[in-house]
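Here's the structure, in structure tokens; my notes come after.
The values are calculated or read from the model by the stated rules, or taken from the named source; none is laboratory data. Bear in mind the structure is a predicted one, so any value in this text is a computation, not a measurement. In this analysis, Cβ positions are derived from the backbone assuming ideal geometry, glycine residues included, and neighbour counts consider all displayed protein chains.
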Amino acid sequence: DGGITQSPKYLFRKEGQNVTLSCEQNLNHDAMYWYRQDPGQGLRLIYYSQIVNDFQKGDIAEGYSVSREKKESFPLTVTSAQKNPTAFYLCASSILERGTDTQYFGPGTRLTVL
Amino acid sequence: AQKVTQAQTEISVVEKEDVTLDCVYETRDTTYYLFWYKQPPSGELVFLIRRNSFDEQNEISGRYSWNFQKSTSSFNFTITASQVVDSAVYFCALSGYSDSNYQLIWGAGTKLIIKP
């Protein structure tokens, strides 16, 4: 089955720790995205990548880092510099072609800082 | 600047009622794409529809229908004979042709509650 997987589903972190959220896709999509969603809020873009070894900051990149070493994988690291990291994190991917660039989402990771 | 407005924060209806979710957008692009996504309580966003700016034909898929009107910059979503399983947050989004980084501009979402 083609799709996007995110792990873990739930993640607990102590203050001052870095944590890495996994996102893998087997859809052969070029582009991948990370969003943050706070309770009762919409989606805010953290980072996106259109090609391997390249990525761009979104609207709220501070305190986060990413890598894109493989087309299938786009892990997100939440660093200790992120002041309020408790949120729901969604990963998405899309074909990079105007008109067909619908984003498809993974199941998300709920991060809680203890 | 591009913008998507979903003015209805929350809507509550009784099962079997029809309900319309509003989406108003702003863009200077002549070519653009509009999307609707559903976010059930589980959290995963589910793609519902994509519409390009040159196709104003209304779309119907089962109990779901979409009304795209360029004259009013609106792309409204109607659920006919609503069911409890339709309870979710629904997001409208816009992708502009001149936006070379393929980002989506998201509305704030409308929480739909279907009461049995």
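Quick look at the numbers
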item: The stretch B:1-37, subset hydroxyl-bearing (Ser, Thr, Tyr) and more than 20 Å from B:Asp55 (Cα to Cα), residue surrounded by the fewest Cβ atoms within 10 Å (Cβ to Cβ); result: B:Thr9
item: Residue check, A:Lys14 basic (Lys, Arg) and over 17 Å from A:Lys83 (Cα atoms); result: no
item: Near pairs, Cβ below 7 angstrom, 6+ apart or cross-chain, from the stretch A:51-77 (within 14 Å of chain B (Cβ to nearest Cβ)) to any residue that is of a type in the set (Asp, Glu); result: A:Ile51/A:Asp30
item: Residue that is in contact with a Ser or Thr (Cβ under 8 Å, 6 or more places away or on another chain), over 18 Å from B:Glu10 (Cα atoms) and crowded, with 19+ Cβ neighbours inside 10 Å, where the choices are B:Phe68, B:Phe54, B:Phe77; result: B:Phe68
item: Residues located in the stretch A:48-69, provided they are closer than 16 Å to A:Leu96 by Cβ and in a strand (DSSP E or B); result: A:Tyr48, A:Ser49, A:Gln50, A:Ile51, A:Asp54, A:Phe55, A:Gln56
item: From A:Thr109, A:Thr86, A:Thr102, residue being of a type in the set (Ser, Thr, Tyr) and in contact (Cβ under 8 Å) with a residue 40 or more places away in the chain; result: A:Thr109
item: Residue in the stretch A:37-44 that is farther than 30 Å from B:Glu10 by Cα, surrounded by 13 or more Cβ atoms within 10 Å (Cβ to Cβ) and not charged (D, E, K, R) present; result: no
item: Some residue of the stretch A:92-107 being hydrophobic (A, V, I, L, M, F, W, C), within 11 Å of chain B (Cβ to nearest Cβ) and touching a Phe, Trp or Tyr at 6+ places or on another chain (Cβ under 6 Å); result: yes
item: Sole exception among (1) in a strand (DSSP E or B); (2) under 30 Å from A:Lys57 (Cβ atoms); (3) more than 10 Å from every other protein chain (Cβ to nearest Cβ) for B:Phe77, by number; result: (2)
item: Leading residue by the ranking (nearest to A:Ile4 (Cα to Cα)) among those in the stretch A:23-36 that are touching a residue at least 60 places away in the same chain (Cβ under 8 Å) and in a strand (DSSP E or B); result: A:Gln25
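This table checks each residue for (1) more than 11 Å from every other protein chain (Cβ to nearest Cβ); (2) among the polar types (S, T, N, Q); (3) in contact with a strand residue (DSSP E or B) (Cβ under 8 Å, 6 or more places away or on another chain); (4) assigned to a strand (DSSP E or B).
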{"position": "B:Ala1", "(1), (2), (3), (4)": "yes, no, yes, no"}
{"position": "B:Ser12", "(1), (2), (3), (4)": "yes, yes, yes, yes"}
{"position": "B:Thr30", "(1), (2), (3), (4)": "yes, yes, no, no"}
{"position": "B:Lys38", "(1), (2), (3), (4)": "no, no, yes, yes"}
{"position": "B:Leu48", "(1), (2), (3), (4)": "no, no, yes, yes"}
{"position": "B:Asn67", "(1), (2), (3), (4)": "yes, yes, yes, yes"}
{"position": "B:Ala93", "(1), (2), (3), (4)": "no, no, yes, yes"}
{"position": "B:Gln103", "(1), (2), (3), (4)": "no, yes, yes, no"}
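To keep it simple, each residue is scored yes or no on (1) modelled with pLDDT of 95 or more; (2) facing another protein chain (nearest Cβ under 9 Å); (3) in contact with an Asp or Glu (Cβ under 9 Å, 6 or more places away or on another chain).
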| position | (1), (2), (3) |
| --- | --- |
| B:Ala81 | yes, no, yes |
| B:Ser87 | yes, no, no |
| B:Asp99 | no, no, yes |
| B:Trp106 | no, yes, no |
| B:Leu112 | yes, no, yes |
| B:Lys115 | yes, no, yes |
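Residues are listed down the side, and each one gets a yes or a no for (1) exposed (fewer than 15 other Cβ atoms within 10 Å of the Cβ); (2) in contact with a helix residue (DSSP H, G or I) (Cβ under 6 Å, 6 or more places away or on another chain); (3) outside any strand (DSSP E or B):
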site: A:Thr77; (1), (2), (3): yes, no, no
site: A:Gln82; (1), (2), (3): no, no, yes
site: A:Pro85; (1), (2), (3): no, no, yes
site: A:Phe88; (1), (2), (3): no, no, no
site: A:Cys91; (1), (2), (3): no, no, no
site: A:Glu97; (1), (2), (3): yes, no, yes
site: A:Thr102; (1), (2), (3): no, no, yes
site: A:Pro107; (1), (2), (3): no, no, yes
site: A:Thr112; (1), (2), (3): yes, no, no
